[in-house]
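First the structure, in the form of structure tokens, and then the observations on it.
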Amino acid sequence: MMQVNRDSILVVSATILAFFLLMVGFFMLLGKPPFEMIGMLLTYALGDGYSISQTLAKTTPILLCALAAAVPGRLGLISVGAEGQLYAGAITGTAVVLAAPGLPAALMLPAMLTSAALGGAFYGYVPGILRARLHINETITTLLLNYVTVLWVNALVFGPWKDPASQGWPATISFPQAAILPALPASRIHLGLLIGIALAIALHFFFTRGASAQKIRILAGNRKVGEMFGLNFGTWVIMLMAMGGAIAGIAGIAEVSAIQGRLQPTISIGYGLTGFLVSWLSRHQPLIILPVAFLVGGLVAASDALQLFAKVPAASAIILQGLLFAVALAVPGFIKSMRPGYER
Amino acid sequence: MMPKAIACFENVSRRFGDLVAVNDANLELFQGDVTAILGENGAGKSTLMKLLYGVYPPSNGRILIDGEPSAITGPADAMSNGVGMVFQNFSLFPALTVRENLLLAWPKTPFWASERNKGTSEVLANLTRLAPHINPHSKVANLSVGEQQLVELCKVLNISARIVILDEPTSVLTPAEARHLHGFIRQIAGEGVSVVFITHKLVDVEACADKIAIMRQGKIVDVSIRGQRSMSEIVTLMMGSDVKRTMSPPALPKKPVERLFLNKICADAPGMSLKNISLSVASGEVVGLAGVAGNGQALLAEVIAGIHPVTSGDVVLDGQNLVRRNQMETLATPLGYIPEQPRENAVVESMTLAQNLSLRTLASGGIDVNSDVQALLTRFHVNPPEKDRQASTLSGGNLQKLVSAREFGSPRAAILACYPTMGLDLSAIQTIYLEMFAQAEAGAAVLWISEDLDDLIAGAHRIAIIREGQVVAVKINDGSLTRDKLGALMTGMNLDELVA
Ligand SMILES: Nc1ncnc2c1ncn2[C@@H]1O[C@H](COP(=O)(O)OP(=O)(O)OP(=O)(O)O)[C@@H](O)[C@H]1O
Ligand SMILES: [Mg+2]
């Protein structure tokens, strides 16, 4: 047991060190003073109340999308569909607001969130049923369906849902106050974060305690044996795909309602894929996803700010994220290969 | 002067956590020698050879190859150093053909090689020598386990290995295939290859070993030249005491009550179809199902267990129909079912022993493992009997025992056992037969699939013969059945022709 802990401490510190060195190299390539830049990154991520609020605002969709990938991931499925499910949730959630803009908040918020979750769930259910019944690879279908929903949003906001008062700008009307998710005063920390944290904790128990946890573990470990004892793999595929979709759908409506205030074409800056990577780095463990999503959220928020204030290229945010993921995937394997005695 | 050893273990140990799998082992392998390694389940045989093959490094001691410390760091490296190993569980790609599998493993394969490329035909040379009956263009998924084993062996021979390690190759072969393999091993040994042959079967040792190394609890306790020791001495060294094979099936009940009934089963799988199989097994009866591997017994087992759907027919147990009508339906098997190749088909390797023993409970919504798991592990001699150990770390034989513990551990209405003693040592085989017969005694209908005709004749009340997907005969085992008679039925040869 001690051994395991020592190993993970070694892995984590080596990962941080390697990421730090790569960042130094990256900023030197850009011709910027590396240590000053890294210092600024830290400040913009965590320096004051405002930075923290920005970080948490980015953490929220990443966290939800990571959970959305983790749920089917626990069964061994590789779903990259969180991005599309996020957009699907944004669409169906917005539909409620547009259909009944006069609802009071007490009705509006639950109706909007439920509708978003259902939209996302439907968008997980479709690849789920294709996989379960027709053996069509879920990675491919979720990837392709991503493009479809993004285009649906465009079709809607350029077409029937366009706010006539907005001139040429493709967007729906601004959400009424009752449809805005409650947030902490003067910050962008909204109800979505609370939902994400609550879901992470609930999923932790769902995946580790109770009857479903055991069934999922059996099917993920050996599908054939699970089926021999009466478990239906297909049913679980459909259920978990839909459940993951629902979580991503909530991420979608939360972005629309709390951050943007209206549905417009660019809701997500690739949160779906980022979430997918966070989930895989955390081995689909909700309680590990929590801090990892926060870390990545901080990096995303800070590099946004860096781009604004230190005039680094816009691509820096993505490059830094890519470096972080590459390091986090490579370092554990590297350490393992350095130590011949390391057991699987 | 002594010839120089091609490989030499010097005080080699390997620990997994607290467990010492190989303990201070010394062993030399010589060119042209066949070294048999014997020992009870979990003695450390597979681990010792995995150390040579580079799967794990030794915790202590060193391995010399040609007198130099071995620099092998992994299986790929071992292969390029002329060491090849065929594992207890295989590593073929089931969706590819035999030839494609061989090409993939062949160092000389150019990456552009295609199915039609004539230049790669020498990849099949060993296959033609060893197993001419295997069609190189058939999919591996359609081969019997024994045939897959032979393809694995060809893969190793294709790398022109100087040391060939075979981990229990004969446990999945029919007696005829095994005899063929013995001859082949003698042949490659004659060509100068050093062969290591891990086995539990004394016939293997008699047929082709030059040296016999015996392992016990991680130690090599004896190395002798064949003929130096009697077989009972060897058994005593292996097990700590001489184990006698005794088998006595329970007496048949006076009035047989039909319990398990197969009614005109037809089913299709790629390369195999079952035609109109009917058979009934009474309460308390042990019915053996004999057949040459690949004649439909594996498919029949999956149909009875509700894993593979039927095209028509029923399997009825106590009035309940067990067959699956289509691919989407799943049924929980109420049978005690031991499938072949338990590592793939019967356990969840990522779960603990306790959880694997409680799969029925867990799959039907239970949260806790059964309370009797510890007692079961002890009763079936699963070693080490640690209920929280992960199943993947068990030795091949102990994994087989684990499955038996789950399936035979509580009373069942019917038992379907496919090669239940595969890979087991002598005393474990005794335990399994005792438990299987105890189930019959308690009223279960037992259907027992085996290739070991001697065991079937000693233990079954009736023996059914399956050939090309059909039950061609059902014989009452009244003392008049012989290996030859059954063998003739299995291969479809007329007994009179055989005698003539
Ligand atoms: N990766 C592993 N982690 C932990 N323990 C292991 C591992 N591999 C093997 N062991 C343990 O080492 C011991 C020796 O195992 P090994 O597979 O060498 O036995 P074996 O002699 O080949 O037995 P069998 O005849 O059953 O195949 C067993 O107790 C087994 O549980
Ligand atoms: Mg073994």
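The values are calculated or read from the model by the stated rules, or taken from the named source; none is laboratory data. Remember, it's a predicted structure, so these values are computed and weren't measured experimentally. Using ideal geometry, Cβ is built from the backbone for each residue, glycine included, and neighbour counts are taken over all protein chains shown.
Quick notes
- A:SER337 being within 14 Å of chain B (Cβ to nearest Cβ) and part of a helix (DSSP H, G or I): yes
- Qualifying residue in segment B:317-326 (condition: within 8 Å of another protein chain (Cβ to nearest Cβ), more than 28 Å from the chain's Cα centre (by Cα) and of a type outside the set (Val, Ile, Thr)): no
- Wholly within segment B:346-410, helices (runs of 4 or more DSSP H) carrying at least 3 residues that are within 14 Å of chain A (Cβ to nearest Cβ), more than 15 Å from ligand 2 (Cβ to nearest atom) and touching a Ser or Thr at 6+ places or on another chain (Cβ under 7 Å): none
- Residue check for A:ALA14: at pLDDT 90 or above and not polar (S, T, N, Q): no
- Taking segment A:1-113 and the helices (runs of 4 or more DSSP H) fully enclosed by it, the elements with 2 or more residues that are exposed (fewer than 15 other Cβ atoms within 10 Å of the Cβ) and hydroxyl-bearing (Ser, Thr, Tyr) are at A:2-30.
- For the condition modelled with pLDDT under 90 and either crowded, with 20+ Cβ neighbours inside 10 Å or more than 16 Å from ligand 2 (Cβ to nearest atom) (or both), B:THR73 qualifies.
- Residues that are over 30 Å from A:ALA165 (Cβ atoms) and modelled with pLDDT of 90 or more, drawn from segment A:262-272: A:GLY272
- Counted residues, segment A:201-217 - those being more than 14 Å from chain B (Cβ to nearest Cβ) and either among the polar types (S, T, N, Q) or surrounded by fewer than 18 Cβ atoms within 10 Å (Cβ to Cβ) (or both): 3
- Just one of the listed residues (B:ASN11, B:ASN41, B:ASN81) is away from ligand 2 (no atom under 16 Å from the Cβ) and surrounded by 14 or more Cβ atoms within 10 Å (Cβ to Cβ), and it is B:ASN81.
- Flag for A:VAL126 being modelled with pLDDT under 95, surrounded by 14 or more Cβ atoms within 10 Å (Cβ to Cβ) and of a type outside the set (Asp, Glu): no
- Selection count, segment B:267-313, where residues are among the acidic types (Asp, Glu) and part of a strand (DSSP E or B): 1
- Scanning segment B:322-351 for residues that are among the polar types (S, T, N, Q), at pLDDT 90 or above and surrounded by fewer than 18 Cβ atoms within 10 Å (Cβ to Cβ) yields one hit, B:SER350.
- Pairs linking a residue in segment B:149-174 that is under 15 Å from B:VAL203 (Cβ atoms) and in contact (Cβ under 8 Å) with a residue 12 or more places away in the chain to a residue that is assigned to a loop (DSSP other than H, G, I, E, B) and away from ligand 1 (no atom under 16 Å from the Cβ), with Cβ atoms under 6 Å and 6 or more positions apart or on different chains, are B:THR174/B:VAL292; B:THR174/B:ALA293; B:THR174/B:GLU451.
- Within segment B:92-103, not a single residue is within 16 Å of ligand 2 (Cβ to nearest atom) and within 14 Å of chain A (Cβ to nearest Cβ).
- Single unsatisfied condition, A:GLY226 versus (1) surrounded by fewer than 17 Cβ atoms within 10 Å (Cβ to Cβ); (2) within 14 Å of chain B (Cβ to nearest Cβ); (3) small (Gly, Ala, Ser): (1)
- Screening A:ALA178, A:ALA155, A:ALA220, A:ALA198 for residues that are part of a helix (DSSP H, G or I) and within 14 Å of chain B (Cβ to nearest Cβ) leaves exactly one candidate, A:ALA220.
- Checked against (1) in contact with an Asp or Glu (Cβ under 8 Å, 6 or more places away or on another chain); (2) more than 14 Å from every other protein chain (Cβ to nearest Cβ); (3) under 23 Å from B:VAL172 (Cβ atoms), B:MET272 passes all but condition (1).
- Segment B:19-39: number of residues that are within 7 Å of ligand 1 (Cβ to nearest atom) and on the phi < 0 side of the Ramachandran plot: 2
- Being charged (D, E, K, R) and buried (at least 22 other Cβ atoms within 10 Å of the Cβ) is a description that does not apply to B:ARG62.
- If the condition is being more than 16 Å from ligand 1 (Cβ to nearest atom) and among the polar types (S, T, N, Q), then segment B:125-168 contributes B:ASN126, B:THR128, B:ASN135, B:SER138, B:ASN142, B:SER144, B:GLN148, B:ASN158, B:SER160.
- Residue list for segment B:428-437, filter: in contact (Cβ under 8 Å) with a residue 24 or more places away in the chain and either more than 16 Å from ligand 2 (Cβ to nearest atom) or not in a helix (DSSP H, G or I) (or both): B:GLN430, B:THR431, B:ILE432, B:TYR433, B:GLU435, B:MET436, B:PHE437
- The set of residues in segment B:372-416 that are farther than 22 Å from A:ILE218 by Cβ and more than 8 Å from ligand 1 (Cβ to nearest atom) comprises B:ALA375, B:THR378, B:ARG379, B:HIS381, B:PRO385, B:PRO411, B:ALA413, B:ALA414, B:ILE415.
- Criterion violated by B:TYR56 - all others in (1) away from ligand 1 (no atom under 13 Å from the Cβ); (2) within 14 Å of another protein chain (Cβ to nearest Cβ) satisfied: (1)
- Residues satisfying the stated conditions in segment B:44-63, i.e. polar (S, T, N, Q) and either within 16 Å of ligand 2 (Cβ to nearest atom) or within 17 Å of B:ALA161 (Cβ to Cβ) (or both): B:SER46, B:THR47
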